[in-house]
Amino acid sequence: MVKKIGKDKNNELRISNKILDRVDRRLIQLLQKDGRMPNNAIAQELGISEFTVRRRLKKLLDDQTIKIVAVANPINLGFEITGNLKIKIDLKKTDHVLKELKQIDALVWVALTTGGTDIDADFVARSLAEFRQIVFEKISKIDGVQSTEASLMVDLVKDKHDWGTGWDE
């Protein structure tokens with residue numbers, strides 16, 4: 001689903017029928033830097049009441065504008081191999097392939113894409129044997145998968161989760 005994005009006459013960010021004003025955008029920016037930031041600290045930083053923070057945060061969570069999660073370091077959790085898969089599929093079987101891919105726990109991110117391949121997926125594996133099992137025993141056996149191309153992560157040089165901080169104030 002494509003959402004229309006733009007600014008309205010009050011310089012509020014409009015995404016489809018949602019409006020993110022300056023306070024919502026700043027609240028998101030603060031949480032992207034520290035998802036555990038207490039509501040009273042957010043309120044103080046934004047110059048609003050803690051009740052207002054709680055109400056706005058609940059709205060942003062309820063309408064799925066944001067979700068608050070812990071981002072784990074896969075290496076510290078015993079995953080020695082991480083990387084990306086480019087998956088070429090029979091487009092007539094897209095729904096079936098996506099449904100099957102969503103069931104594979106080792107795939108941590110799956111997206112239908114345009115360009116040279118049809119699906120882009122990030123994965124984690126504890127070993128080369130587990131990686132081989134993911135690709136050859138699970139993904140390649142899904143009806144509709146035509147080919148896979150893997151890129152293994154050698155070194156993580158940037159891991160940014162606060163990309164929303166580039167919004168205009």
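The values are calculated or read from the model by the stated rules, or taken from the named source; none is laboratory data. Everything numeric in this text was worked out from a predicted model, so none of it was measured. Heads up, the Cβs are rebuilt from the backbone with ideal geometry, glycines too, and the neighbour counts pull from every protein chain shown. The accessibility values were calculated without ligands, DNA or RNA, using every heavy atom of the protein model including side chains. Shrake-Rupley method; radii C 1.70, N 1.55, O 1.52, S 1.80 Å.
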- Could you check, for segment 39-55, whether at least one of its residues is modelled with pLDDT of 90 or more, assigned to a loop (DSSP other than H, G, I, E, B) and within 30 Å of residue 125 (Cα to Cα)? no
- Restricting the search to segment 56-70, which residues are in a loop (DSSP other than H, G, I, E, B), open to solvent by 90 Å² or more (accessible area, probe 1.4 Å) and out of contact with any helix residue (DSSP H, G or I) (no Cβ under 9 Å at 6 or more places or on another chain)? 64, 69, 70
- Check whether at least one residue in segment 158-167 is open to solvent by less than 30 Å² (accessible area, probe 1.4 Å) and closer than 30 Å to residue 22 by Cβ, and report yes or no. yes
- Just one of 15, 28, 75 is open to solvent by 90 Å² or more (accessible area, probe 1.4 Å), of a type in the set (Val, Ile, Thr) and at pLDDT below 95; which is it? 75
- Item | Selection count where residues are within 10 Å of residue 93 (Cβ to Cβ) and not acidic (Asp, Glu), scope segment 135-149 | 4
- Query: Across segment 107-137, what is the number of residues that are closer than 15 Å to residue 75 by Cβ, among the small types (Gly, Ala, Ser) and open to solvent by less than 30 Å² (accessible area, probe 1.4 Å)?
  - Reply: 1
- Message: Test of understanding: among 157, 108, 135, which residue is outside any loop (DSSP other than H, G, I, E, B) and modelled with pLDDT under 95?
- Response: 108
- Task: Restricting attention to segment 91-115, report how many residues are under 13 Å from residue 144 (Cβ atoms) and touching a helix residue (DSSP H, G or I) at 6+ places or on another chain (Cβ under 8 Å).
- Result: 2
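What about residue 149, is it part of a strand (DSSP E or B), charged (D, E, K, R), over 30 Å from residue 22 (Cα atoms) and open to solvent by 80 Å² or more (accessible area, probe 1.4 Å)?
It is true that residue 149 is part of a strand (DSSP E or B), charged (D, E, K, R), over 30 Å from residue 22 (Cα atoms) and open to solvent by 80 Å² or more (accessible area, probe 1.4 Å).
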